[in-house]
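Peer 1: Just dropping this structure here.
The values are calculated or read from the model by the stated rules, or taken from the named source; none is laboratory data. Just so it is clear, the model here is predicted, and its values are computed rather than measured. Positions of Cβ are backbone-derived with ideal geometry, glycine not excepted, and every protein chain shown enters the neighbour counts. Only protein heavy atoms, including side chains, enter the accessible area calculation; ligands, DNA and RNA are left aside. Shrake-Rupley method; radii C 1.70, N 1.55, O 1.52, S 1.80 Å.
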Amino acid sequence: MSDKPEIWFYHLERSSLDQVLPTLLEKTIERGWRAMIKSSHSHRLDEVDETLWTFRDDSFLPHGRADQPHAERQPVLLSETGENLNGAQALFIVDDAELGGTEGFERCFIIFDGRDEPALQHARGRWKALKGQDANLAYWRQTDEGRWEKAA
């Protein structure tokens, strides 16, 4: 495990968070990692909770809330504080939540809606600040076909 995780920016332009997040979480779990989703808004975590139960008719992503019993057992943990109770290797930041300490994480995903000008500006500022700290950054955006490509 590195002291400096990879920090990947995901610029949503053609898909919504509810369409992209479950797929990223599935890939994270397939890798053998645990995940934490951090938002500073409990209503967003309620929406994510519902999405993870219903995003596909034939399956769901096992998950739980940090403020509920057995948070440490959850493969995917939903959190407002960002305390890594489940030993996650992947941190997903949504809704401009603060990144906070990244120790212990292998990869951090900063997911933002490029159609929302304040979110876009916040992401640009965050990129610039992290680049100034010599962070290990990558920028991903969707092609016209909906696939993800690394753009920086």
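Peer 1: Name every residue in segment 75-85 that is closer than 20 Å to His41 by Cα and either over 13 Å from the mean Cα position of the chain (by Cα) or open to solvent by less than 40 Å² (accessible area, probe 1.4 Å) (or both), in order of residue number.
Peer 2: Val76, Leu77, Leu78, Ser79, Thr81, Gly82, Glu83, Asn84, Leu85
Peer 1: Kindly list the number of the only condition in (1) more than 23 Å from Ile7 (Cα to Cα); (2) at pLDDT 95 or above; (3) assigned to a loop (DSSP other than H, G, I, E, B) that fails for Glu72.
Peer 2: The single condition Glu72 does not satisfy is (3).
Peer 1: Same structure, new question: Run down Leu78, Leu91 and say which single residue is in contact with a Cys (Cβ under 6 Å, 6 or more places away or on another chain), modelled with pLDDT of 95 or more and under 18 Å from Asp18 (Cα atoms).
Peer 2: Leu91
Peer 1: May I ask you to list the residues in segment 1-30 that are of a type in the set (Lys, Arg) and in contact (Cβ under 8 Å) with a residue 40 or more places away in the chain?
Peer 2: Matches in segment 1-30: Lys4, Arg14.
Peer 1: Restricting to segment 116-134, what's the tally of residues that are modelled with pLDDT of 95 or more and closer than 17 Å to Glu106 by Cα?
Peer 2: Number satisfying all stated conditions: 1.
Peer 1: Another question, if that's okay. Quick one: Gln89 ticks every box in (1) surrounded by fewer than 21 Cβ atoms within 10 Å (Cβ to Cβ); (2) in contact with a Gly (Cβ under 7 Å, 6 or more places away or on another chain) bar one, so which box is it?
Peer 2: (2)
Peer 1: Hey, among the residues in segment 32-46 that are small (Gly, Ala, Ser) and open to solvent by less than 10 Å² (accessible area, probe 1.4 Å), which one's farthest from Thr81 (Cα to Cα)?
Peer 2: That would be Ala35.
Peer 1: Another question, then. Please pick out the residue among Asp134, Asp144, Asp49, Asp96 that is surrounded by fewer than 20 Cβ atoms within 10 Å (Cβ to Cβ) and not in a loop (DSSP other than H, G, I, E, B).
Peer 2: Asp49
Peer 1: Also, quick follow-up: Could you tell me which residue of segment 3-31 is modelled with the highest pLDDT, considering only residues that are open to solvent by 60 Å² or more (accessible area, probe 1.4 Å) and assigned to a loop (DSSP other than H, G, I, E, B)?
Peer 2: Of everything passing the filter in segment 3-31, Arg31 is modelled with the highest pLDDT.
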